[in-house]
1. Restricting to segment B:156-177, give me the number of residues that are open to solvent by less than 50 Å² (accessible area, probe 1.4 Å) and within 12 Å of the chain's Cα centre (by Cα).
2. Which members of segment A:66-110 meet the condition of being of a type in the set (A, V, I, L, M, F, W, C), open to solvent by less than 10 Å² (accessible area, probe 1.4 Å) and more than 25 Å from A:Asn168 (Cβ to Cβ)?
3. Kindly provide the set of residues from segment A:117-149 that are farther than 21 Å from A:Asn342 by Cα and free of Cβ contacts under 8 Å to residues at least 40 places away in the same chain, ordered by number.
4. A:Arg336 - would you say it is outside any loop (DSSP other than H, G, I, E, B), of a type in the set (Lys, Arg) and within 14 Å of another protein chain (Cβ to nearest Cβ)?
5. Can you tell me which residue is nearest to A:Ala101 (Cα to Cα) among those in segment A:180-206 that are in contact (Cβ under 8 Å) with a residue 24 or more places away in the chain and in a helix (DSSP H, G or I)?
6. When A:Ala165 is evaluated against the numbered criteria (1) part of a loop (DSSP other than H, G, I, E, B); (2) within 23 Å of A:Thr341 (Cβ to Cβ), which criterion, by number, is the only one it fails?
7. Please specify each residue of segment B:254-273 satisfying the condition of being farther than 23 Å from B:Leu192 by Cα and in a loop (DSSP other than H, G, I, E, B).
8. Among (1) touching a Phe, Trp or Tyr at 6+ places or on another chain (Cβ under 9 Å); (2) open to solvent by 20 Å² or more (accessible area, probe 1.4 Å), where does A:Tyr218 come up short?
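The values are calculated or read from the model by the stated rules, or taken from the named source; none is laboratory data. Quick caveat: nothing in here was measured; it's all calculated off a predicted structure. Here the Cβ positions follow ideal geometry from the backbone for every residue, glycine too, while neighbour counts run over all protein chains shown. With ligands, DNA and RNA removed, areas are computed over all heavy atoms of the protein, side chains included. Shrake-Rupley method; radii C 1.70, N 1.55, O 1.52, S 1.80 Å.
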Amino acid sequence: MKGFDFLKNNGAQRVRTYDPQPFLLDDGTEETEASDEQKELAYERSLDKWRALPILDCLPPEDWPWRPLRFIDGKDVGRTVAWLQTREGHPMPVRLAEIGAAAMADRNSQLRREYEAVERVVSLIVNPFPWDEVESFAIALQEQGFRFLPCLAEPSYSFEQMRRATQNRTKEAMDVLERQALAQKSMLPTLVDGRLEPRMGAFDQRSDPVVGLIKTHYRTFLHPAGLRLLCELLPGERTPAFSLEKKLSVVSWYLRLNGQGEMPDWGIVRLEIPKNFFEEVIKADFSYLDYLSHIVYAYRCRGTSYSRAPISIYPVQRAEESLGALFTPVETLVQRFYRYTNL
Amino acid sequence: MNRENMTTEDAPVCLGVVGSPQGQEATSKQYCFWVARGVMVEETQLVVCESVIAGQSYTFYGVVEEVKRRSRKKSMDEEIDQADGDTEYVPPFESDGYTYAQVSILSVEPAALTPPCERSKVYLANQSQAATAYGADDIEEGNALPTGLIKNGGAQLAGPGAIDLDYLLGVNGGHLNVNGSAGRGTKSSLLLYVVRMLLDYARNQEVSSANRRQIVPIILNVKNYDLFYIDYPNNRFKPERDLADWRLLGVEQPTPFQNVSFFAPQQAKVNLPVPTGRDEGVKAYS
């Protein structure tokens, strides 16, 4: 069996665009991986002294050396384009995606894209298939400019679970590109869109001034009083900092960028910095957090046409737009894939 | 304008790159290009772009019809929201706006009725390319009459423009249509200039040539009496300002018309021309 025949020989069929479906076999609860995580909420101040900290007046000095000069964002755009069946009858989704990462540099207040990487990838759970067939498929994809990403998840009869596994695989590959973007100049103050832990290895947590900006909050770190404070934050106010210790120890805090919105937690971002860097280089000077928060607040998106504007900052938005311009429309890519594979 | 403003034949200046997104598709008549940072593009500039289509390289000559500037904001609401209505507000980052230009295609070499491809680089045309753009390279040798200087933007020139005399003196046509604002003197001046260049052209032909042109201009004065002074030097002529332009057109030293005969309608009941402001040399006719 050679190349693209792999798909047909395993009964591959096209899949139209569809919304993610509910899990069939379980409730879909994701492992939070929080079990081994330590947190210290009373890092900046004791819990009974938690209150909103205004940062609007905390203007950093002109020559403050930690102002972020690089902004990194990644993108994973694709969909499940086909599914095939193992000999045991497991439905296996095939995900086609374009992934990429870009770094925007602040050069005298002008944002310029200084790094970009874009790849076309196909991910599939490979365990149920003979390796030589998978390899032949990967080579055929490579010849057409697609990189094959083998997904090592265990087969299941839950198509949605399989789909998420292939999506996670392309996201992992995107994370690698982001790490590459970060590693180019990690000694420069850099702000990354997302958590820092997935980017570990691309920066030195003891010396590199890297900041993570988390826009989507999947987890709750705060105690009840902290959550109440979170909802009461006004634009330009932050919570006290707390520390999270896992593979990477970070100092983290919440900041409200925008107050216009119907949801009480709308417009709030979480920032995190390596704890080692904060304690060894910054000497745990909390004014660093105030200055950084002030800058992030000043960089907030003010446009209304960008859907994530209330929780994003302009340089990251530009990175996303700039990267998006390098991408091919998904459906164009999908049709090309169908033509190559004769599906 | 002087020689220093001439577009040179030196290294071509890349102005930008063709873009053809949805809604702004390139056609065989026009296309758009985005303008490179730090480059100024102006209306009337002549531009050249090369595109490889189906394995064949084509050169598209065009003129910039319109230059547009666009910010990244989707509406004026966002423009004002960015500053919260405060005119003194300075955003933390420079605007990421950009300029793009719309080009009308004048000619394609080799001839083709097709648009240029996106991502083709666009260059400012030099003098020879400007001539090609307007088809001057199709004019038979010795048959081109310099008819003014081609503007290449607000301050630059792209050499003389030329009229094919076969279309002016009767071989293929005998007509020149000049359009312009009324009362500015530009249309009359241009026509006088063409007459002047035609006379020079005839004078420079071999006397013994069988093809020598015989030019006898007849000018009809229809308002005011300015044309009764065409044998006088123009008191607005400033050599330090204007001479270089004349020389670009091949005229070393511009002079008034010579050996001009003036006629004016005869006054009623007397054998005198109507007053024209000119004391002598005007003959009455009826």
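1. 7
2. A:Met104, A:Ala105 - these are the residues of segment A:66-110 that are of a type in the set (A, V, I, L, M, F, W, C), open to solvent by less than 10 Å² (accessible area, probe 1.4 Å) and more than 25 Å from A:Asn168 (Cβ to Cβ).
3. Selection gives A:Asn127, A:Pro130, A:Trp131.
4. No, not satisfied.
5. The qualifying residue nearest to A:Ala101 (Cα to Cα) is A:Ala181.
6. If we test A:Ala165 against (1) part of a loop (DSSP other than H, G, I, E, B); (2) within 23 Å of A:Thr341 (Cβ to Cβ), just (1) comes out false.
7. Result: B:Gln267, B:Ala268, B:Lys269, B:Val270, B:Asn271, B:Leu272.
8. Of the numbered conditions (1) touching a Phe, Trp or Tyr at 6+ places or on another chain (Cβ under 9 Å); (2) open to solvent by 20 Å² or more (accessible area, probe 1.4 Å), the odd one out for A:Tyr218 is (1).
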